[in-house]
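Just below is one structure, and these are the notes that go with it.
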Amino acid sequence: MNDDLILRQEELVENPTARLPVCLVLDTSASMTGAPITELQEGVNTFFAQLLADDVAKYSAEVAVVTFGGNVDMAVDFAAVTRQTVPSLTAGGMTPMGEAVEKALELLQTRKDEYKRAGVDYYQPWLVIMTDGAPTDSISNASRLVDELVRGKKLAVFAIGIGKDADMNELAKLSGGRPPLKLKGLEFGQFFLWLSASVARVSQSVPGNKVDLDPVAAWASV
Amino acid sequence: MGQRVTRKLAFAAVAGRNKEDRRGTCQDAVFGKSLSGISCVALADGAGSRRLSGTGARAAVRVAVDHVLTNFDILYEKVQGGEEKDAAASIVNLIIEKLRSDRFVRRGRLEDYACTLIFAAASDDRVLLGHLGDGVAFSVSAQVAQIASSPDNGEFANETYFLTARDAVERFRLSATKLQTPVSILLASDGAAVSLLRRSDHAVAPAVTRLCEWTAARPRKEVNAALKSNLEGMFREKTTDDCSIAILADPRGRASSIV
């Protein structure tokens, strides 16, 4: 081939990697005190570390963390994982799950609006809800919003119950029709490994891809 | 314009980096041909995880090019006369018919052949452009490149519209244009468009003009090899997706700077 038929880098444009926004909504209420919060913290650390270790996911995944333990807090706002610090989780207070989910949906919508304004492509957002109890506030509005988004294929929800006291019926109301899963023991590490692998897989998908996620047997009990 | 003109064609497709560890084949397909003074190039992008979408894409480009070359005048008049949907239906239905034929159908369901399609055809000063899905068409006139047909995507990065979908005819866009000046057209799959179209401000890469200039000035074999080499070397570095380009160049628009 002739050398003069080689394009220069300056003759091409740059586009940002398509983003996959993932919002973790984590129960940090008093009942999570002790081993559960320690294991959850380890799991979240693993999640961030695994995303950073993946060449595509580290530029594609954007994570926000909302905690609900007494108050609803945005522990981490959406940003590239390469620029984020893993939040420190502490347990205490009640379980305002409805408010937390509404906050998460608001954050996801805001982030999507930002992508649109900046001309950044994005994948269907993910909402991950983890709780070991029952909501202490009303979840009816959050449930309606989640249903609406899931029905419109605008959101994927992963609802995970922790331990025997997790109210799976209430959690089902927030999972948009997909049955919630129960964490096997305190296998947070396995769950977050699965989640990061799933994020990595989706962030490499192209139009027409049906992304099959790995089996959940390592972390979910039947 | 008025005078007879013979367009020059070039096209190439390469498998994306997401296929490297799975020995996957390229699901983009490109094709082009000239017949009786009419020229046509087409590009189709097979749906990611559909197992026969590469086959669907290869069938789509061949059927589309043959149909458009044979029926250029009819299609052009239909589109000019506001009967775009009739024209679109004739193209889409013919491709579907082909995919449903014994040769294909015994190997899978129709959805397994899902692919997008974009084509450009020209006869003297008339240009016909057809487009379904997330590819993009650029036009280059007097060394100025612009978008001739924008990508048609869903909201999310891995969504688009395919020929095998029920609403394919509805979404298929066709335009018929009478040219006042020489125009070259470059078609790109979404993978190649990552390097050619900046999404934030719709800026078109200088490479679009240059590739059209090469096509206008050089032999097809040489340009096809150059396209392949540039797709492999540069375009593929910016995406994991398959990358393909097809060009219909008007040699009268070629710039003196490149020869």
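Quick note: the coordinates plus some simple rules give every number you see, no bench work behind them. Computed from a predicted model, the values in this text were never measured in an experiment. All Cβ positions, even for glycine, are placed from backbone atoms using ideal geometry, and neighbour counts span all protein chains on display.
All other residues whose Cβ lies under 13 angstrom from that of B:Ile147 are scored, Lys and Arg at +1 and Asp and Glu at -1, for a net of +1. Counting only other chain Cβ atoms within 10 Å of each residue's Cβ, the peptide B:188-199 averages 4. Judged by the mean number of other Cβ atoms found within 10 Å, the most tightly packed of the peptides A:211-218, B:108-115 leads the ranking B:108-115, A:211-218. Listed by chain and number, the lysines whose C-alpha is less than 16 Å from the C-alpha of A:Lys184, apart from same-chain residues fewer than 8 away, are A:Lys164.
Once you have a ≥ b ≥ c as the square roots of the Cα gyration tensor eigenvalues for the stretch A:161-212, tell me rounded if a/c is under 1.5, and otherwise prolate or oblate according to whether a/b is larger than b/c. Before the final figure, lay out the partial values.
Numbers: a/c = 4.35, a/b = 1.61, b/c = 2.70.
Oblate is the answer for the stretch A:161-212, as a/c is 1.5 or above yet b/c matches or exceeds a/b.
Helix A:35-53 versus the longest principal axis of chain A: what is the Cα-based angle in degrees, 0 to 90, to the nearest 10? Tilt relative to chain A: about 10 degrees. Only DSSP H runs of four or more residues enter the estimate; each adds -39500 (n - 2.57), and after division by the residues of chain B the mean residue ellipticity at 222 nm equals -10000 deg cm²/dmol. Trypsin sites (Lys or Arg not before Pro), restricted to the stretch A:136-169: which are DSSP loop and have at most 14 other Cβ atoms within 10 Å? Counting only loop positions with at most 14 other Cβ atoms within 10 Å, the trypsin sites (Lys or Arg not before Pro) in the stretch A:136-169 are A:Lys153, A:Lys164. Among the trypsin sites (Lys or Arg not before Pro) found in the stretch A:1-104, those both in a DSSP coil and sparsely packed, with 11 or fewer other Cβ atoms within 10 Å of their Cβ, are A:Arg8.
Note on A:Lys103: lysines with a C-alpha under 24 Å away, same-chain residues under 8 apart excluded, are A:Lys112, A:Lys116, A:Lys153, A:Lys154, A:Lys173, A:Lys182. Relative to the dominant Cα principal axis of chain A, helix A:140-151 is inclined by about 30°.
On the beta carbon distance between A:Asp77 and A:Glu10, with R0 = 35 Å, the FRET formula returns roughly 0.50.
Counting only other residues whose beta carbon sits under 9 Å from that of A:Gly177, what net charge do I get with K and R as +1, D and E as -1?
Spelling it out: positives minus negatives among the neighbours equals +1.
Note that the stretch B:135-144 has calculated 3J(HN,Hα) couplings of x, 9, 10, 10, 10, 10, 9, 6, 6, 10 Hz, one per residue in order, obtained from phi through the Karplus relation 6.51 cos²θ - 1.76 cosθ + 1.60 (θ = phi - 60°); glycine and proline are x.
Annotation: amide H-H contacts under 5 Å for A:Asp121 (H modelled 1.01 Å from N, sequence separation of 5 or more, or interchain): A:Arg19.
Applying a DSSP loop filter and a limit of 16 other Cβ atoms within 10 Å to the GluC sites (Glu not before Pro) in the stretch B:61-102 leaves B:Glu83.
Stokes-Einstein diffusion for the stretch B:139-246, with the hydrodynamic radius set to the Kirkwood value over Cα pairs and evaluated at 37 °C in a medium of 0.692 mPa s, equals 213 µm²/s. For the pair B:Glu77 and B:Lys221, the difference between a 0.36 nm per residue extended length and the Cα-Cα distance amounts to 48.5 nm.
The C-alpha atoms of chain A define a longest principal axis, and helix A:97-118 lies at about 10 degrees to it. Normalised by residue number, the volume inside the convex hull of the Cα atoms of the protein assembly as shown is 148 Å³ per residue. Evaluated at q = 0.12, 0.22, 0.24, 0.26 Å⁻¹, the base-10 log of the normalised Debye intensity for the stretch A:1-68, with identical point scatterers placed on the Cα atoms, takes the values -0.52, -0.98, -1.05, -1.13.
Based on the reciprocal of the average 1/r between different C-alpha atoms, the Kirkwood radius for chain B equals 18.0 Å.
With the biggest extent put first, the Cα atoms of the stretch B:137-199 measure 38, 27, 15 Å across the principal axes.
Give, as a single signed number, the net charge of other residues whose beta carbon lies under 13 Å from the beta carbon of B:Lys33, with Lys and Arg counted +1 and Asp and Glu -1.
+3
For chain A, the Stokes-Einstein estimate of translational diffusion at 20 °C and a viscosity of 1.002 mPa s comes to 119 µm²/s, using the Kirkwood hydrodynamic radius over alpha-carbon pairs. The dipole here belongs to the stretch B:8-249: it is taken about the Cα centre, uses +1 on the Cβ of Lys and Arg and -1 on the Cβ of Asp and Glu, and is about 780 debye.
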